[in-house]
Amino acid sequence: MKRDMISILDFENEIDETLDLAIKLKSHIKSGKTFQPLKGKHMGMIFEKPSLRTRISFEIGFSHLGGTALYLSPSEIQMGKRESVFDVARVISRYVDIIMYRAFSNKIMCELAKFSDVPVINGLDDLEHPCQIMADFMTIKEQKGSLKGLKLVYIGDGNNVCNSLLLGSAAMGMHMTVTCPLNYEPDNEVFARAQKLGEKTGSKIKIVREPDMAVMNADVIYTDTWVSMGDEAEKEERLKVFPPFQVNKKLVANAKPDYIFLHCLPAHRNEEVTDEIIDSLNSKVFDEAENRMWAQMAVIIKLLAPDAINEL
Ligand code: CP
Ligand code: NVA
């Protein structure tokens, strides 16, 4: 039976072991050793939106594991336009062993996963960005040892990254506070689901309107662009509403002194975060970007070659 990763909660009870596997892979390969359980395997990477990190980290990561990856640009497949999602899924499944899909629509993401015979990994859609969150959590684990009981504060737009962070934090027993302008809240259903899951794991999931209050005693401060891919038409309006939610020196003064700053990137310097913060010693954004590769390699092994884990 094939397995997908469309939501971070598809790995709900395995996040921590996936992080440990990613950390082990990172040190193994960085010490010059190889681990190639995916020799002869092929990955199709379908992109409807631009990318730096997702494209490179998946392609290089898959080749570290012995396989080959094929990049398909936004003009190529045209999912659901040039041909139906069903037909695309049936055809691609005949060529590749696994699909990575960066999509506009979570609905189409789910359809592709439903109709394809091979695992589908969500490389970002309008609802979630689960691979990003795996890398973020790996970075937090490297820096802080564990996630349970920490306080993560997300400042800015309640977007795909925020949604996956909510579900992942709740699964891990990490507290998460979101501070955002009115009408830019995370997805309602996701928020309710995270709160409910948090009741089981001991994670407090909140929205606090005032950024200065929200950031109090934060262990992790996280922000993302105010204008996600697909929201470009709202850019002017958004740039008027979001400035009070900028991560700057004054705001982080309320966090713990050893807080870490994370951002999925690309950053819009001096919009959602000032240079001073993103370039500070507290900022771990480039470790976070690197960890995309290790975390995704761990996810891919768990989906395609779980038995190989014992050989590492
Ligand atoms: N963080 C992230 O997904 O970056 P890209 O859009 O460059 O892939
Ligand atoms: N929220 C951003 C993340 C980019 C990696 C977007 O969807 O554009």
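The values are calculated or read from the model by the stated rules, or taken from the named source; none is laboratory data. Keep in mind that what you see is a predicted model, and the values were worked out from it rather than measured. Using ideal geometry, Cβ is built from the backbone for each residue, glycine included, and neighbour counts are taken over all protein chains shown.
Looking at the range 103-130, I want the residues that are of a type in the set (Phe, Trp, Tyr) and have a partner that is more than 10 Å from ligand 2 (Cβ to nearest atom) with Cβ atoms under 6 Å, at least 6 apart or on another chain. Which pairs are those?
Hits for this filter: 104/48; 115/86; 115/89.
Looking at the range 257-278, which of its residues are closer than 16 Å to residue 289 by Cα and either touching a strand residue (DSSP E or B) at 6+ places or on another chain (Cβ under 7 Å) or modelled with pLDDT under 95 (or both)?
The answer is 260, 261, 262, 263, 267, 278.
For a quick check of your reading of the model, give me the residue pairs whose first member lies in the range 297-309 and is in contact (Cβ under 8 Å) with a residue 40 or more places away in the chain, whose second is of a type in the set (D, E, K, R), with beta-carbon atoms closer than 6 Å and at least 6 apart or on different chains.
Short answer, once both residue conditions are applied: 303/3.
Any idea which of (1) surrounded by 17 or more Cβ atoms within 10 Å (Cβ to Cβ); (2) closer than 28 Å to residue 98 by Cβ is the one residue 307 doesn't satisfy?
Just one mismatch for residue 307, condition (1).
Is at least one residue of the range 26-49 touching a residue at least 24 places away in the same chain (Cβ under 8 Å), surrounded by 22 or more Cβ atoms within 10 Å (Cβ to Cβ), assigned to a helix (DSSP H, G or I) and aliphatic (A, V, I, L, M)?
no
Quick one: which residue in 152, 147 is away from ligand 1 (no atom under 16 Å from the Cβ), assigned to a strand (DSSP E or B) and either more than 25 Å from residue 237 (Cβ to Cβ) or not acidic (Asp, Glu) (or both)?
Result: 152 is the single residue among 152, 147 that is away from ligand 1 (no atom under 16 Å from the Cβ), assigned to a strand (DSSP E or B) and either more than 25 Å from residue 237 (Cβ to Cβ) or not acidic (Asp, Glu) (or both).
Can you give me the number of residues within the range 260-273 that are buried (at least 20 other Cβ atoms within 10 Å of the Cβ) and not aliphatic (A, V, I, L, M)?
4
Any idea which residue in the range 52-69 is farthest from residue 304 (Cα to Cα), counting only those that are within 16 Å of ligand 2 (Cβ to nearest atom) and buried (at least 18 other Cβ atoms within 10 Å of the Cβ)?
My answer is 53.
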